[in-house]
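**Student:** One structure coming up, written as structure tokens, with questions to follow.
The values are calculated or read from the model by the stated rules, or taken from the named source; none is laboratory data. This structure is a prediction, so every number in the text was calculated from the model and none was measured. Cβ atoms come from the backbone with ideal geometry, glycine included; neighbour counts cover every protein chain shown.
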Amino acid sequence: MIRTDNLSDLASARDYWRTDKYISFVITFQFYLLLDTMSDSFNWPAGNNEARERLGEKFESLHLDSRISTSHAKPLSNADPVVVPIYHSSTYRFKTVDQFNEDNHGANFVYRRCGNPTTENVEVVINEIEGGAGSLLYNSGLAAISAVFLEFLSSGAHMIVMNPIYSGTSSFINETLARFGVEITSVDVEKEKDFAGAVEKAIRPNTKMIYFESIANPTMAVPDILGTIEVAKKYKILTCLDATFSSPYNIQPLKLGADISLHSCSKYIGGHTDVIAGVVTVSSYDNWKKLKLQQLTTGSSLSPYDAALLTRGLKTLGLRVDRISENAQKTAEFLESHPKVERVFYPGLPSHPQHQYAKQVMKQFAGMIAFDVGTAENAIKLVESLKLIIHAVSLGGTESLIEHPLSMSHGKHLLRYLDGPTVAPGLLRFSVGIENVEDIIGDLNDALEKL
């Protein structure tokens, strides 16, 4: 009961009725009235034990420890969660032997290495983006890349590779594939004005694959993607394009005619710097089957926990990439105008040497910028002076990241087989995030003024 005997006048009483305390009392009172009303009509069923139904009378004779082990709730046919659950079971029940051979709850859902509903959900979404015959998730981007090489190349085969590329890919090609007798020819995307023409000149009778990136890691050079695909089709050679730096939102290689599209899902697809994963999407169902069978035998599939993070990331892919691309364009324009920056490489800038090729195939130009501040000393001083932008490897997340490739991602400790510097000493690789662009530019400007 609300007491007002201590209130001095009507005005103070009116004020009391408006207080949070009184409002809270009214809400609580109404809630209990509702519960009291519902108790007469509340008919939700308790969960049913599937084991009790399956075993019938025998269930009653089981010892308690056996009852605990065999009991589980009976799935409801109308339970359809908005977000696909994490199916973390390592194995699956079969009602009959014949069920093993049925589609979609057969051999692919027999053991987690063979298939998983959480993982398959992500594969379906990515395949819709790419427009392919099927996608496969792997436990890292490099696992996806190496799976393609191991499946479609063999001893005596020849592959043409764009240079420069991601250091992990380069190491696998030059240290592992070469050891197994795969012949490699590199085509420099920065030096060759006619990249597609240079690729055609490098073709041999035993050339089986052309491998290139939509935007070169770490220099941001862009190959003639359409021209290269045309050359490959002329000679009936597989094309494999790693489009990680562009994101699948900005470019879909299969729709351009490529045979295989690759992404490190750790980057724009995941988008939150908290998952390691890779994906391969192919234009041919026969090639999907080859890769799927290989995945069964190598055990390189992605865990459902990581797949659930990708499910979350994909929901905001468009929003994030739009914001990042817009931020990167403005940031690149600022850097290009700064007197202490010698050169900026961003596909969205008209000054980029291959800007016309980027415009042909990309919706936007994503968030990767390379810029040169002259010397390694300047580059290191800049990254260590930044406050908002994080000094770290990787890319494609919500936060802005910057690194000095010569010291980190493309240093001699990773590219052991090369002689001399792998990239310009003053080059910085910058992954633009979703922060306010004025704050990003402000942080860069403050650090540049210290050089």
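**Student:** Within the range 181-204, is there a residue that is among the polar types (S, T, N, Q) and in a loop (DSSP other than H, G, I, E, B)?
**Tutor:** No: zero hits.
**Student:** Quick check on the range 420-449: of everything there that is assigned to a helix (DSSP H, G or I) and charged (D, E, K, R), which residue is farthest from GLY348 (Cα to Cα)?
**Tutor:** ASP446
**Student:** Of the conditions (1) farther than 30 Å from PHE212 by Cα; (2) touching a residue at least 12 places away in the same chain (Cβ under 8 Å); (3) β-branched (Val, Ile, Thr), ILE160 fails just one. Which one is it?
**Tutor:** Evaluating ILE160 over (1) farther than 30 Å from PHE212 by Cα; (2) touching a residue at least 12 places away in the same chain (Cβ under 8 Å); (3) β-branched (Val, Ile, Thr) leaves (1) as the failure.
One line per residue, one yes/no per condition, for (1) part of a helix (DSSP H, G or I); (2) farther than 18 Å from LEU153 by Cα; (3) of a type in the set (Asp, Glu); (4) in the same structural domain as TYR138 (by TED's automatic domain parsing):
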| residue | (1), (2), (3), (4) |
| --- | --- |
| ALA258 | no, no, no, yes |
| THR273 | no, yes, no, yes |
| TRP288 | yes, no, no, yes |
| LYS292 | yes, no, no, yes |
| LEU296 | yes, yes, no, yes |
| ARG323 | yes, yes, no, no |
| GLN329 | yes, yes, no, no |
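**Student:** Is there a residue in the range 125-145 that is crowded, with 20+ Cβ neighbours inside 10 Å, at pLDDT below 95 and of a type in the set (A, V, I, L, M, F, W, C)?
**Tutor:** no
**Student:** Related question: Give the residues of the range 74-120 that are touching a residue at least 24 places away in the same chain (Cβ under 8 Å) and hydroxyl-bearing (Ser, Thr, Tyr), sorted by residue number.
**Tutor:** Residues satisfying the conditions are TYR87, THR118, THR119.
**Student:** Sort out which residues of the range 363-391 are within 23 Å of THR273 (Cβ to Cβ) and in a loop (DSSP other than H, G, I, E, B), and write them in order of number.
**Tutor:** Residues satisfying the conditions are GLN364, PHE365, ALA366, GLY367, LEU386, LYS387, LEU388, ILE389.
**Student:** Please verify whether THR239 is part of a strand (DSSP E or B) and polar (S, T, N, Q), treating the condition exactly as stated.
**Tutor:** So THR239 fits the description; yes.
**Student:** Taking the condition modelled with pLDDT under 95, surrounded by fewer than 22 Cβ atoms within 10 Å (Cβ to Cβ) and of a type outside the set (Phe, Trp, Tyr), does GLU175 pass?
**Tutor:** yes
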